[in-house]
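The structure under discussion appears below in the form of structure tokens.
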Amino acid sequence: MNRRDFIKTAGLTAAGASLLPGCTPVGDDKFEQALYPAPEGIIPGEPIYLSTTCMECPANCGVSAKNVDGRTIKLEGIIGHPINDGGLCVRGQATITRLYHPKRYKSPMRRTRNGDFDAITWEEAYRSVWSALQTDKSGGRSSVYLSSRTTGSLSTFIDRFCAALGVSRLPELEVFSHSAVRQANQTVFGHKAIPTYKIDRADFLLTVGADLLETFVSPVEHATKISKGKDTGSFWWTHVEPHISIEAMSADTRLACKPGTEAVLLGYLLQQFGGSVSGQGPIEASSVVEQVGLSEESLTKLVQRMREARRPLVIAGGVSVQHEKGLEVAVLAAQLQKQLGSAAEVMDFNSAYNYDNVGSLLDAEVWTKKLNAGEIGVIFVSKTDPALTLPKPLGFAEGFKKATLRVGLSEISNKTLDECDIILPLSHFLESWGDAEPRKGLRTIIQPTREQLFNTKSEGDILLDLLQTAGKPRPKNFRAFIESEWARLGTPLTPDIMKAGFVATAAAAAKPAAGPATGAGASPVAAGAAASVAASATPPHPAPLQVSFADGLSAQLEGDVLVVTPSLRFYDGRSRLLPLNAQGATLLEEIPEPVSTISYGEWISVRGWQDVTGEFVRGLDQIEITLGETRLQPLALKLQPRLPDSVYMVERPFLVAPDLGIDRRTGEPISFSPNLKWRGAGIIPVAVMSGSPSQEGRGIIPNAVETPGEEAAAHHKSQRMDGIVASEPELPGEHEERLTLYPEHVHQPYRWGMTIDLDKCTGCSACVAACYVENNIPLVGKDAHLNGREMSWIRIEPYFDGEARGDFIPMLCQQCDSAPCEPVCPVYAAYHNPDGLNGQIYNRCVGTRYCANNCPYKVRRFNWINYEWESPLDQMINPEVSVRGRGVMEKCTFCVQRIRAGKDHAKDENRLVRDGEIQPACVQTCPSDAIQFGNMLDENSKMMQARKTDRAYRVFESLGTEPAVTYLADVTKEDEVSIGNA
Amino acid sequence: MLKPTKWYFFGLVLALLAFTGLLVTWVHMIFSGMHLSGKNNPVGWALYITNFVFWVGIAHSGTLISAVLYLFRARFRSRFNRAAEAMTLFAVMVAGLFPLIHLGRVWFFYYLMPYPNQRQIWPNFRSPLVWDVFAVSTYFTVSVIFWYMGLVPDLAIARRRTTGIARWVYRVLSLGWSGSSTQWRPYNKLYGLLACFATPLVVSVHSVVSWDFAMGIVPGWHTTIFPPYFVAGAIFSGCAMVLTIMIPMRKWFKLESLITIEHIESLAQMLLLTSMIVAYSYIIELGMAFYSGNIFERAQFMYRMGGYYATLYWIMIICNCVIPLSIFWRKARRNLTWMFFLSIFVNIGMFLERFNIIVQSLSHEFEPYAWGRYHLTYTDVFITIGAFGMFFMLFLLFAKTLPVLPIWEVKEETH
């Protein structure tokens, strides 16, 4: 080989070696994207925000969808929105994974004989549906339309569609129909409706079972208003319930009552305030103590607080109205409210929630009977899952099979849709036109925030097409219909409205007892089933139920009682999606349920103290429960501190068609099952993320240590926020002044910091979901969680310490000034940036994991494998945040991409960043406004101002890490668990 | 240079298989991810770092025996020193592998080296891991030179006894050694000098390794006692490993006349001394945890003694502190079978000591919510077995090709 040949060969080899890796598909998308011109009006890389409405649950929060390069990547609450004012809950944050779900329906489908689905065209689908509808007409069967709660133009249009094609519209199906509350309000206030609760106007809030922050009507709104109430300085929240929930852990006073006894307490209170309980003599405090299980002291305190309050508010709901005496609870709560005299100030029926079309389970009973009798031919099922939610005795599953054509409308499959014959794939609300009217006097707009991902259509457009197939007149498209509707209602869709996302119209004063009744929504009261209730049987304007309390106030639930609770993460089950990726993960399951800290798995909670040796996977016996006729699938048994004795707690979505019965008067599902029979067998692993229910006196939440009063006082006395010198070093508390070899960090002009108010934090986990979506955190699935390899950058830690209390603390990177992670990194991947952030340079990281070992807060996360973002999930990747590869460490950055953007923006305008201009994702979404972010060098920033309280402390102060995150201790907690203290 | 028996080949093949297992699982892990090892969020270091510390510890006795005892003119040294030095070398080679194995992105291992680059990024000299890089590489270099210097006269002897290609190799390696007094005089000087140079390394290397832990703030790691404690532990485990190897070797290679019971006894006494230092350290550690009033430290040691891994803690105490006490008994320390098993116990105990320090501390740190456990995986087990495989493979190859005893020193002593 001569010299030239050698150089040629060497050159070719080198070129080949360097080119080959370039042939892998990594990065192709980016390359292509750069070649295509951007769509009109879109500046590449520049985000645009589109206002729309979240349809994940009936609350209909206003959301602003962030769209970058034509891809919707993040939802945020609309600031100033009458419902959620900037906040968004965990489900709302996670709904984007529904949009980009790889298993979404991608085209219309028809069921084949062997049960699979074949893709068909829209034309074929429409023709099948239309011919079946005609067959129904000739065959004397009725066709029905079943949907979950709809409002606004869609509801109007469904009515129009049904009328045109002779389809009868069933009362809308919502398990959480709040029908007991609505009926009680009809009885007491003359409005069969749920008012807007002006919690922020109240100075005392008594909630009885109402899961205000989870599923009760409008959780984000309630969280926002409770936070505003707390800002007034005179606000006290007492929560009564038979189990434990995030409300119990967030309220100022938690009273745990024996299951089914809420009415006794309310009756007592009513009498204390001069009301009378018909059919009942005076209720003695001692009998309340005995029956409800509260101490005399807490009862006195409760009455005293209510007396002192000027605008008390009483809300009953949730599981407390879902037992045999549920209606009594609801009615007594309403009567108490009326008796207290503040109803007009704290309840607003003029802007009542739009539940008029929502039926109860009694309505479902009527139409499931028809189904079973074979009277129904075509059944449309739109965005609801009766196979999961309806009680088994209703026989939905069997009846559904008897329908001649089952047409399912949904984005993604569920139990009911799996049984349908024709699937009409729905567009996600982020890609369709629509509107909503969550409550009277508020109309919100739904507009597409990106192109259609698949061959799907909005519900309105599908119905419109069906009208066309049937040869009926129809609007041009659903958008045109909405525009005409808004014009008809006097608020034409102007660009301003489109930008704001909502319009508040002056609501006409609601006339008592004149609310439009549901179509078939009259509650048929079975004669004799409830002798104490007399109801007029003349739909559609039923007279209010007359409730007498002669039969007693307690539901008499004996023995071990199972409580079926609503689910913070899955609502009634609708938010529990199919697995998203190869790891079998979903975003909402990736986030632990905050009280039990279980992420993946189905479990029953029972009172007990989790082993403190620090294990992810509690041994967790398997438990088999028999309810009525049905034996439940085996569930894991979770020991739950602070759960009252002999109460078993399970989330509703874990039970398929739960067979607990229906309240014959209200149509509420019964959520209690007394005399529980169960047997344990085997072990089911579920991922329990907490290593210990106790903080072992480490002062992570200082007021929650064994002796709360003294400890907190001592702690606050010694607290100094400049954090250098401690007057009296103690553990946990201050650290002594330390000598250092290294120069102090100089931060100018910014040092970012955070203040988290634990009094406001409710553990709702919205911040966790927001963080996942904002920062492209991989969803790692159950196996990884069982192995302790979760990737969350922020987590909600519950601790149960002291006599009987529980509290949440959000834990995230503390961005220490003297960070233990920084000096140990051998390659400077962990470094201190000029703004005081602990930066992490992914492409420098070699993966020694020393930083994670040395982090006392344990917030660093290692990428154990490469996580794939299966198409189209890859489209929800935030382009401003790197997707981390295998072998590198990652952690919270205070959303450095947002800080960067904010600083750049300020620099363009030749100024410093304004206070509040930059908001990390967790801060932005927090419905309770518990987290403040800002510049620590700016004494006037909201964040620094919030710190100026004796509640301020930093976690593990004694370690001298100088965290930038300051917590405000919650010092107002009172807690009483009725039956013994765990 | 005896003809190898079939047992030799059997052992070699076994060791080779184990080593291959290490390579295969490691390569698999490089291509698949660190999830194959049982580590997780609180426990970021586990069996690989345990192995690293263990093997660095093993390495220590080699230098101790060859250099320190040389300077002290301890006569029993000459019977062990070649094997001990080889052990050092191979143990450092094995140990050096583990920081690489445990890296999340081993393909960027060179980021830890200070090399000039256009980005002007240097390693973080404040990080104990960078100190490790220097400590271990220095140690390896010095050990190689020291070992090789000791070998040169023996290689010359081997050159005389072999033929063909082997003879040619030995000739090159013996650097023209003729054994003349003009060569011996500077040679002895150099050897003494190297011994002086190597001696501080005995203390420094394991001190640096201990700083990997002591410099961290993890309860159970962050103590000033670590350097002496680790050095004593290293010598302890190293002496045990020398016994584990020399007792069978003495029998198989029929070296009874050269390595006498008295020699073994001296080593056993060394073992006893270091065992007691280690036991003292354990007591101090506990004392500090409870005396200091630091709740994190206290919780950590309560966890060690009564937590999930408590069994391992107590096995460690028995192996390291209780069983070696039998050396006090003359009959026991002259019983080779007992000494062999004792050395095995000490090896187990010292391996567990490192495991306890690393895994237990990490699984029970400051944040109770984040407490968690480490569980063994097949990958971890294969890699650990492979480490032993690699060590014994190298040692067996060495025993076949090079003199296991320093012939010239033994001659010097016996003449």
The whole-number value in µm²/s of the Stokes-Einstein translational diffusion coefficient for the protein assembly as shown, with Rh from the Kirkwood sum over alpha carbon pairs at 37 °C and 0.692 mPa s, is 93
Given Cα pairs under 8 Å that are at least 6 residues apart, what percent is the relative contact order of chain B? 32
Backbone HN-Hα couplings from phi across the range A:870-878 [Karplus 6.51/-1.76/1.60, Hz, Gly and Pro as x]: 4, 4, x, 4, 4, 6, 8, 5, 6
Expressed as a whole number, the average count of other chain Cβ atoms within 10 Å around the Cβ atoms of A:838-847 is 3
Membrane-span-like helices in chain B: DSSP H runs reaching 30 Å or more (Cα, own axis), mean Kyte hydropathy at least -0.5? B:6-32, B:77-101, B:128-161, B:181-214, B:226-252, B:261-291, B:378-401
DSSP bridge pairs, the protein assembly as shown: antiparallel proportion in percent, nearest 5: 55
What is the set of long-range amide H partners of A:Val63 at a cut-off below 5 Å, with H atoms built 1.01 Å from backbone N? A:Thr52, A:Thr53, A:Cys54, A:Ile78
HN-Hα couplings for the range A:947-953 via Karplus (6.51, -1.76, 1.60; θ = phi - 60°), in whole Hz with x for Gly/Pro, come out as 6, 7, 8, 6, 7, 6, 7
What is the spin-label model distance, in nm, from B:Met276 to A:Ala582 if the labels are put 7 Å beyond Cα along the C-beta direction? 5.9
Shape of chain B from its Cα gyration tensor (a ≥ b ≥ c, root eigenvalues): rounded if a/c is under 1.5, otherwise prolate when a/b > b/c, or oblate? prolate
Where the eigenvalues come from the Cα gyration tensor of the range A:743-968, what are the semi-axes √(5λ) of the equivalent ellipsoid, largest first, in whole Å? 25, 22, 19
Checking the a/c ratio against 1.5 first, then a/b against b/c, what shape does the Cα gyration tensor give for the range A:179-353? rounded
Calculated from DSSP H runs of 4 or more alone, at -39500 (n - 2.57) each and per residue, what is the 222 nm mean residue ellipticity of chain B, nearest 500? -23500 deg cm²/dmol
Please sort B:168-179, A:369-380, A:487-498, A:433-444 by packing, taking for each peptide the average over its residues of neighbouring beta carbons within 10 angstrom, highest first. A:433-444, A:369-380, B:168-179, A:487-498
Interchain or long-range residues, amide H under 5 Å from A:Arg439's placed H: A:Asn354
Going 7 Å from the Cα of B:Met305 in the Cα-to-Cβ direction, what parts of the range B:194-228 have a backbone nitrogen less than 20 Å from that spot? B:219-226
Mean other chain Cβ within 10 Å across A:684-695 is 3
For the range B:260-313 and the range A:351-373, what is the separation of their C-alpha centers, rounded to whole Å? 71
Under a cut-off of 19 Å between alpha-carbon atoms, report the lysines in cross-link reach of A:Lys638, not counting same-chain residues fewer than 8 places apart. A:Lys677, A:Lys782
Just list whichever of B:Lys251/B:Lys400; A:Lys230/A:Lys942; A:Lys198/A:Lys440; A:Lys225/A:Lys891; A:Lys258/A:Lys325 have alpha carbons separated by over 25 Å in the model shown. A:Lys225/A:Lys891
Cross-link partners among aspartates and glutamates for A:Lys370, C-alpha distance below 15 Å, same-chain residues fewer than 8 apart left out? A:Asp136, A:Glu398
Exercise: per-residue mean of other protein chain Cβ atoms within 10 Å, B:92-104: 2
Between A:Trp237 and residues 5 or more places away or on another chain, the pairs with built amide H atoms under 5 Å apart involve A:Leu205, A:Asp252, A:Thr253
Please identify, among B:Arg330, B:Arg119, B:Arg304, the residue showing maximal mean-square fluctuation in a Gaussian network model of chain B using a 10 angstrom Cα cutoff. B:Arg119
Among the chymotrypsin sites (Phe, Trp or Tyr not before Pro) within the range B:47-110, which fall in a DSSP loop and have no more than 11 other Cβ atoms within 10 Å of their own Cβ? B:Phe72
Helical mean residue ellipticity (222 nm; -39500 (n - 2.57) per DSSP H run of 4+; nearest 500) of chain A: -7500 deg cm²/dmol
So the FRET efficiency between B:Tyr291 and A:Leu741, C-beta based with R0 = 25 Å and rounded to 0.05, is 0.35
Assuming R0 = 45 Å, what is the FRET efficiency of B:Leu17 and A:Arg679, from their Cβ-Cβ distance, to the nearest 0.05? 0.35
Which ³J(HN,Hα) values in Hz, rounded to whole numbers, follow from the phi angles of the range A:277-287 under the Karplus curve 6.51 cos²θ - 1.76 cosθ + 1.60, where θ = phi - 60° and Gly and Pro get x? 9, 4, x, 10, x, x, 9, 7, 4, 5, 6
Would you please name the trypsin sites (Lys or Arg not before Pro) within the range A:855-936 that are DSSP coil residues with at most 16 other C-beta atoms within 10 Å of their C-beta? A:Arg911, A:Arg914
Suppose R0 equals 56 Å. What FRET efficiency, 1/(1 + (r/R0)^6) with r the Cβ-Cβ distance, do B:Arg330 and A:Lys103 give to the nearest 0.05? 0.15
Using label points projected 7 Å from each Cα along Cα→Cβ, tell me how many nm separate B:Tyr8 and A:Ser286, to one decimal. 9.8
Choose one answer from B:Val203, B:Val231, B:Val13: the residue with the largest mean-square fluctuation in a GNM of chain B with alpha-carbon springs under 10 Å. B:Val13
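FYI, it's all coordinate maths here, none of it is from the lab. A quick note: this is a predicted structure, and the numbers were derived from the prediction, not measured. Heads up, the Cβs are rebuilt from the backbone with ideal geometry, glycines too, and the neighbour counts pull from every protein chain shown.
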